[in-house]
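The values are calculated or read from the model by the stated rules, or taken from the named source; none is laboratory data. Quantities reported herein were computed from a predicted structural model and do not represent experimental measurements. Counting neighbours? That spans all protein chains shown, and the Cβs are built from the backbone with ideal geometry, glycine included. The accessibility values were calculated without ligands, DNA or RNA, using every heavy atom of the protein model including side chains. Shrake-Rupley method; radii C 1.70, N 1.55, O 1.52, S 1.80 Å.
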Amino acid sequence: SRVLDTIEDLVEARIRNARLLDEGLKGIESCIRPPHRPEGNREVYQLYLATATRRDELVRFLTARGVEAKVHYPIPLHLQEAAGYLGYGPGDFPVCEDHCKSIISLPVHQHLTDDEISYTIEHLRKFYSA
């Protein structure tokens, strides 16, 4: 476990972990794509939101193996109860709706070890090679 003395250490650890995941996903991007990053932005990675085919199956597969994979945003904003007064319904924002069916959060927090990141990558590759 790395010692994190400052906020900058925490941010750098998350950025490093995200880069390791990015590298680990190379070659399987047709199944799971890393998050898009606009050129010149520095991401802190509160969440590492990848886009995955067979997302729900993948979440079950990973969590059964101890990987902290999650779905943070399963319901599009326009379909949430609080936005009901706006009058939008299913199909009004199809891109948003598709994203909500495919986005998965993978762990990149600052407390992960290299072995834990490798374990996550190994199981992502295992899932998509089956």
Placing +1 on each Lys and Arg Cβ and -1 on each Asp and Glu Cβ in the chain, then taking the dipole about the Cα centre, the residue among T53, Y88, C100 whose Cα reaches farthest towards the positive end is T53
Which GluC sites (Glu not before Pro) in region 1-54 pass both tests, a DSSP loop state and at most 10 other beta-carbon atoms within 10 Å?
E39
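Under unit Cβ charges (Lys, Arg +1; Asp, Glu -1), what dipole magnitude, rounded to 20 debye, does the chain have relative to its Cα centre? If you can, show how the numbers build up before the last one.
Details: 16 positive and 20 negative charges, 75 e Å.
Value, rounded to 20: 360 debye.
Check each of the trypsin sites (Lys or Arg not before Pro) in region 28-116 and keep only those in coil by DSSP with at most 11 other C-beta atoms within 10 angstrom; list them in order. Don't skip to the end; give the middle numbers.
Details: sites: R42, R54, R55, R60, R65, K70, K101; in loops: R42, R54, R65.
Of the trypsin sites (Lys or Arg not before Pro), the ones in loops of region 28-116 whose Cβ has at most 11 other Cβ atoms within 10 Å are R42.
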May I ask you to give the solvent-accessible area per residue for region 1-96, in square angstrom, as obtained with a 1.4 angstrom probe?
67
I'd like the chymotrypsin sites (Phe, Trp or Tyr not before Pro) in region 62-130 restricted to DSSP loop residues with at most 16 other Cβ atoms within 10 Å, sorted by number.
Y88
Enter the angle in degrees (range 0 to 90, nearest 10) between the Cα long axis of helix 114-129 and the first principal axis of the Cα atoms of the chain, meaning the one along which they spread out most.
50
According to a simple spin-label model (label point 7 Å from Cα along Cα-to-Cβ), what is the distance in nm between E12 and S30?
3.9
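At a 1.4 Å probe radius, carbon and sulfur cover how many percent of the accessible area of the chain?
Working: 4420 of 8170 Å².
Heavy-atom surface of the chain belonging to carbon and sulfur, 1.4 Å probe: 54 percent.
Need one number: the % of Cα-Cα pairs in the chain sitting beyond the 21 Å mark.
On the way: 3854 of 8385 pairs.
Looking at the chain, the distances longer than 21 Å represent 46 percent of pairs.
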Computed over the chain: longest principal axis from alpha-carbon atoms vs helix 7-24 long axis, angle to nearest 10 degrees, is 80
